[in-house]
1. Listed residues LEU170, LEU150, LEU159; which is within 16 Å of the ligand (Cβ to nearest atom), in the same structural domain as GLU216 (by TED's automatic domain parsing) and either hydroxyl-bearing (Ser, Thr, Tyr) or outside any helix (DSSP H, G or I) (or both)?
2. Could you grab the pairs with beta carbons closer than 7 Å, sequence gap of 6+ or different chains, first residue in region 72-92 and more than 19 Å from THR57 (Cβ to Cβ), second one assigned to a helix (DSSP H, G or I)?
3. Under 7 Å between Cβ atoms, at least 6 apart or on separate chains: pull out the pairs that start in region 115-126 with a residue that is in the same structural domain as GLU209 (by TED's automatic domain parsing) and farther than 15 Å from ARG213 by Cα and end on any residue that is assigned to a helix (DSSP H, G or I) and not aliphatic (A, V, I, L, M).
4. Of the residues that make up region 122-143, is at least one among the basic types (Lys, Arg) and in contact with a strand residue (DSSP E or B) (Cβ under 8 Å, 6 or more places away or on another chain)?
5. Got a number for residues in region 183-201 being surrounded by 19 or more Cβ atoms within 10 Å (Cβ to Cβ) and either in a loop (DSSP other than H, G, I, E, B) or basic (Lys, Arg) (or both)?
6. Need at least 2 residues that are within 16 Å of the ligand (Cβ to nearest atom) and modelled with pLDDT of 95 or more per element, so show me which helices (runs of 4 or more DSSP H) inside region 1-101 make the cut, counting only ones lying wholly within it.
7. May I ask you to verify whether VAL204 is surrounded by fewer than 18 Cβ atoms within 10 Å (Cβ to Cβ), within 21 Å of HIS95 (Cβ to Cβ) and at pLDDT 95 or above?
8. With respect to THR139, determine if the residue is within 16 Å of the ligand (Cβ to nearest atom), in contact with a Ser or Thr (Cβ under 9 Å, 6 or more places away or on another chain) and not small (Gly, Ala, Ser).
Amino acid sequence: MLSLTRTIAHPTLARTYAGRAVASLHTLPDLPYAYNALEPYISEEIMRLHHQKHHQTYVNGLNAAEEAMSKAETPKKKISIQPALKFNGGGHINHSLFWKNLSPPDKDGGKLESGTLKSAIENDFGSVEAFKKTMNAKTAAVQGSGWGWLGYNTATKKLEIVTTPNQDPLLVYKPLIGIDIWEHAYYLQYKNVKGDYLSAIWNVINFKEAERRLEEVAKSL
Ligand SMILES: [Fe+2]
């Protein structure tokens, strides 16, 4: 999974260990829109901090964990590094997906046109409104920090709503839409009212990107 989001190797960013390149450094991806482009639903202040500080910290932590792992010589040492790899690697994967599954309200944000995704949602949840209601309820119920996901179950070929704690990435299903329910994603604007954040975010969800992910996985089966 990590290799899927590994950034393109840059010659000056390759690390070496014992004279050989062991991995390329991960880097913070650019946002596909301006920091203020999701207003009024997600403020510029949140987007700047979320992207430049929080996501950057996961990128730095992942690079440090991978470097430590490459130098670890015993199973015990490798095992001790795994939690940092999982946390920071998951943070990088999840946020990289998250930025792309948002879009400004005057572009693709909030618009679910007729097509593969809308049909699948209506088949599996009854209606788009019922889907949003269930996804918001399950995401709001995450205890502590975590993520709510619309995922595609490749075994049943159905959409499912699932949550993951902390920065655990969605590994079992193909993630189509992820909603960050860490306080850093909403607190500066919505304070403790998670429900308002979850209602507002649908105005900037990029359903076109979710549909692209669905069609990509369907093609690969
Ligand atoms: Fe986040």
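1. Values: LEU150 fails: within 16 Å of the ligand (Cβ to nearest atom); LEU159 fails: within 16 Å of the ligand (Cβ to nearest atom).
From the options LEU170, LEU150, LEU159, the qualifying one is LEU170.
2. Pairs found: ALA72/LYS78; ALA72/ILE81; LYS78/MET69.
3. Within 7 Å, the pairs are PHE125/PHE131; PHE125/THR134.
4. Just the residues of region 122-143 that are among the basic types (Lys, Arg), to begin with: 132-133, 138.
Narrowing further to those that are in contact with a strand residue (DSSP E or B) (Cβ under 8 Å, 6 or more places away or on another chain): 138.
Yes, the conditions are met somewhere in region 122-143.
5. Applying the first criterion (surrounded by 19 or more Cβ atoms within 10 Å (Cβ to Cβ)) to region 183-201 yields 185-186, 190, 194, 197-198, 201.
Checking the rest, the ones that are also either in a loop (DSSP other than H, G, I, E, B) or basic (Lys, Arg) (or both) come to 186, 194.
Summing the residues that are surrounded by 19 or more Cβ atoms within 10 Å (Cβ to Cβ) and either in a loop (DSSP other than H, G, I, E, B) or basic (Lys, Arg) (or both) in region 183-201 gives 2.
6. Values: elements: 2-5, 44-48, 56-71, 75-100.
By residue number, 44-48, 56-71, 75-100.
7. Values: surrounded by fewer than 18 Cβ atoms within 10 Å (Cβ to Cβ): no; within 21 Å of HIS95 (Cβ to Cβ): yes; at pLDDT 95 or above: yes.
So VAL204 fails the test.
8. On the way: within 16 Å of the ligand (Cβ to nearest atom): yes; in contact with a Ser or Thr (Cβ under 9 Å, 6 or more places away or on another chain): yes; not small (Gly, Ala, Ser): yes.
The answer is yes for THR139.
The values are calculated or read from the model by the stated rules, or taken from the named source; none is laboratory data. The structure displayed is predicted, hence computed values, not measured ones. Note that we place each Cβ from the backbone using ideal geometry, even for glycine, and neighbour counts take in every protein chain shown.
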